[in-house]
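Participant: Please find one structure pasted underneath; my questions will follow.
The values are calculated or read from the model by the stated rules, or taken from the named source; none is laboratory data. Predicted, not measured: the structure shown is a model, and the values here were computed from it. Neighbour counts are summed over all protein chains in view; Cβ atoms, including those assigned to glycine, are modelled from backbone coordinates with ideal geometry. Each accessible area value is taken on the protein alone, full model and side chains, heavy atoms only, with ligands, DNA and RNA left out. Shrake-Rupley method; radii C 1.70, N 1.55, O 1.52, S 1.80 Å.
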Amino acid sequence: MNETAEDFGFTALWKAEADRAQETALTVANPPLRTGRIVRVERGECDVVTTDGRERVASDSLRSQDDLAPVTGDWVIVGETDTGAVIAHIVQRASTLARRDPSEQVIEQVLAANIDNAFLVHGLDRPLRAGRLERFLVLAWDSGAQPVVVLTKADVDDDVGEEGAGSIAEELAGVIAAVAPDVPVCLTSAVSRLGLDDLDQWLTPGTTTALLGESGSGKSTLVNALLGSEVQETGEVRGSDAKGRHTTITRDLLRLESGALLVDTPGIRAVGLWDAEDALERVFGDIVELSDGCKFNDCSHGVEPGCAVRAAVESGEVDIRRLDRFAIMAAELEEQAEKQVERERKEEKRKNHRRKNKR
Ligand SMILES: Nc1nc2c(ncn2[C@@H]2O[C@H](COP(=O)(O)OP(=O)(O)OP(=O)(O)O)[C@@H](O)[C@H]2O)c(=O)[nH]1
Ligand SMILES: [Mg+2]
Ligand SMILES: [Zn+2]
């Protein structure tokens, strides 16, 4: 099969953006330049599908924006150098799915770019923690993607009947309704193919949907079921607690026959938040709204008098645990913002120092 950029969502808009960036790309690479989309990132190399087809290029040398690392879903301009083809430029992203880098504490890690929908994948073979779902929701809303909770492995729920509702599914639906009442939920099974058609409303031609979730939640299995072929490797979960073994290790952009695009991703352990205050307020909209009624503008909903949020907790309207989680995530974002300012200050200092030494 001869794939080209057109198969991966190369619209007139992206073409115009890429054309504008040609000149910049020429500062670091030679013709022939070609535009393409990154379909896989590996250490130091990327697979790019360009207007000419699929090729493997070096990702991290000589880029015109060297502070930006290319990620799956990016539109890029590829050019030639003495040592071979390189990514010369990353076209300005329409959106990014990003979290706080789990290894380095104060940098952002972009998981994927130019994503329209985020499937938050969760298996019926394990409990769903509200806090975890909230974090995934913040990540999704912050990117601008439409979140959809996709429950997998419906076939393990003995009580799932004709209408799709079962006892485990119902329990999880309760958790989801409490923290994300406005987010669509789909119950699926890759085994019985239950609910797969429901996903079609998001999987429209040319749109890109990323699958996010814990290892073992069934992301790759779902991708294979939608592809109708075993393209992605899948792995057994541990019997005792249904934990996965981190089978998928790269972020892969794959094309369905319909023309919809999927990004399968490695399982996520920690969802550290990054620069997502607005999204946080969206996910905790109920608490934010209540806080309008607090006596003090900067109320921490702790011991202050006239706190409308505490009052709502006492009346049972708001779950105290939800308030606690909100406070933790808000503090986390505040800390991240402070550290980031500090880091930028240091970097600026370093740059100035270098400039002075050059003179
Ligand atoms: N019964 C049942 N098992 C499923 C279903 N979907 C996935 N599984 C099983 O769950 C296990 C994990 O599936 P994967 O697709 O590898 O999970 P993943 O989310 O891609 O995991 P990582 O790549 O490690 O992040 C495998 O043993 C699958 O066979 C389903 O719908 N029903
Ligand atoms: Mg996988
Ligand atoms: Zn308050």
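Participant: Dipole of the chain (Lys/Arg Cβ +1, Asp/Glu Cβ -1, origin at the Cα centre): which of Ser229, Ile115, Trp75 lies farthest to the positive side?
Facilitator: Trp75
Participant: In the full protein assembly as shown, how much of Ser229 is accessible to a 1.4 Å probe, in Å² to the nearest 10?
Facilitator: Counting only protein heavy atoms, Ser229 exposes about 50 Å² to solvent.
Participant: How large is the direction-averaged shadow of the alpha-carbon convex hull of the chain, in nm²?
Facilitator: 22.2 nm²
Participant: To continue, here is another question. Taking the square root of 5 times each eigenvalue of the Cα gyration tensor, what semi-axes in Å does the equivalent ellipsoid of the range 5-90 have, largest first?
Facilitator: 17, 15, 12
Participant: Label points 7 Å out from Cα along the Cβ direction at Ala327 and Ile107: separation in nm?
Facilitator: Between Ala327 and Ile107, the simple spin-label model gives 3.4 nm.
Participant: Report the full-extension gain for the segment Arg129 to Thr4: residue separation times 0.36 nm, less the Cα-Cα distance, to one decimal in nm.
Facilitator: 40.9 nm
Participant: What are the residues whose amide H is under 5 Å from the amide H of Asp52, where those residues sit 5 or more places off or on another chain and H is modelled from the backbone?
Facilitator: Excluding prolines and chain starts, which carry no amide H, the hits are Ala5.
Participant: Would you calculate a helix-derived [θ] at 222 nm for the chain, using -39,500 (n - 2.57) for each DSSP H run of n ≥ 4 and dividing by the full residue count, to the nearest 500?
Facilitator: Roughly -9500 deg cm²/dmol at 222 nm, from the helical runs in the chain.
Participant: What part of the accessible area of the chain, given as a whole %, is carbon or sulfur when the probe is 1.4 angstrom?
Facilitator: 47 percent
Participant: Cα centroid distance between the range 241-309 and the range 165-191, in Å?
Facilitator: Computed from Cα coordinates, the inter-centre distance equals 17 Å.
Participant: Along the range 339-351, what does the Karplus equation 6.51 cos²θ - 1.76 cosθ + 1.60 (θ = phi - 60°) give for ³J(HN,Hα), rounded to whole Hz, x for Gly and Pro?
Facilitator: 4, 5, 4, 4, 4, 5, 4, 4, 5, 4, 4, 4, 4
Participant: Here is a further query. If you put +1 on each Lys and Arg Cβ and -1 on each Asp and Glu Cβ, how big is the dipole of the range 284-358 around its Cα centre, in Debye rounded to 20?
Facilitator: It works out to roughly 1240 debye.
Participant: FRET efficiency for Arg343 and Glu80, Cβ-Cβ distance as r, R0 = 45 Å, nearest 0.05?
Facilitator: 0.80
Participant: Still on this structure: Set the Förster distance to 45 Å, then compute FRET efficiency between Ala69 and Ser167 from the Cβ-Cβ distance, nearest 0.05.
Facilitator: FRET efficiency, Ala69 to Ser167: 0.50.
Participant: Given H placed 1.01 Å from N in the peptide plane, which residues other than close sequence neighbours of Gly123 have an amide H under 5 Å from its amide H?
Facilitator: HN-HN under 5 Å from Gly123: Thr152.
Participant: Towards the positive end of the charge dipole of the chain, with charges on Cβ (+1 Lys, Arg; -1 Asp, Glu), say which of Val28, Gly131, Leu262 has the farthest Cα.
Facilitator: About the Cα centre, the residue reaching furthest to the positive side is Val28.
Participant: Further question: Could you run the Karplus curve 6.51 cos²θ - 1.76 cosθ + 1.60 with θ = phi - 60° over the range 207-221 and give me ³J(HN,Hα) per residue in whole Hz, x for Gly and Pro?
Facilitator: 8, 10, 10, 9, 9, 10, x, 5, 4, x, 6, x, 5, 5, 5
Participant: What fraction of the DSSP beta bridges in the chain is antiparallel, stated in percent and rounded to the nearest 5?
Facilitator: 65 percent
Participant: Now for a different question. In terms of the Cα gyration tensor, with a ≥ b ≥ c the square roots of its eigenvalues, is the range 96-264 rounded because a/c is under 1.5, prolate because a/b exceeds b/c, or oblate?
Facilitator: Rounded is the answer for the range 96-264, as its axis ratio a/c remains below 1.5.
Participant: Based on alpha-carbon positions alone, could you give the equivalent ellipsoid semi-axes of the range 202-342 from the gyration tensor, as √(5λ), descending, whole Å?
Facilitator: 40, 17, 16
Participant: Same structure again: Quote the charge dipole size of the range 96-264 about the Cα centre in Debye, to the nearest 20; the model charges only the Cβ of Lys and Arg (+1) and of Asp and Glu (-1).
Facilitator: Taking the Cα centre of the range 96-264 as origin, the dipole is about 620 debye.
Participant: If I stretch the segment between Ser95 and Glu230 completely, what's the gain in nm (0.36 nm per residue apart, minus their alpha carbon distance), one decimal?
Facilitator: 45.7 nm
Participant: What per residue convex hull volume, in Å³, do the alpha-carbon atoms of the range 284-358 yield?
Facilitator: 102 Å³
Participant: How about the chain: what cysteines have no other cysteine beta carbon under 4.7 Å from their own?
Facilitator: So, Cys46, Cys186, Cys307.
Participant: When the Cα centres of the range 50-113 and the range 317-339 are compared, how far apart do they sit, in Å?
Facilitator: 32 Å
Participant: For Lys346, give me every one of the lysines with a C-alpha distance below 23 angstrom, ignoring sequence neighbours fewer than eight places off in its own chain.
Facilitator: Partners within reach: Lys356, Lys358.
Participant: Give me the accessible area per residue for the chain, probe 1.4 Å, as a whole number in Å².
Facilitator: Value returned for the chain: 51 Å² of accessible area per residue.
Participant: Running Debye on the range 35-185 with equal point scatterers at the Cα sites and no solvent, what base-10 log of I(q)/I(0) appears at q = 0.11, 0.12, 0.16 Å⁻¹?
Facilitator: For the range 35-185, the Cα-only Debye profile gives -0.57, -0.65, -0.90.
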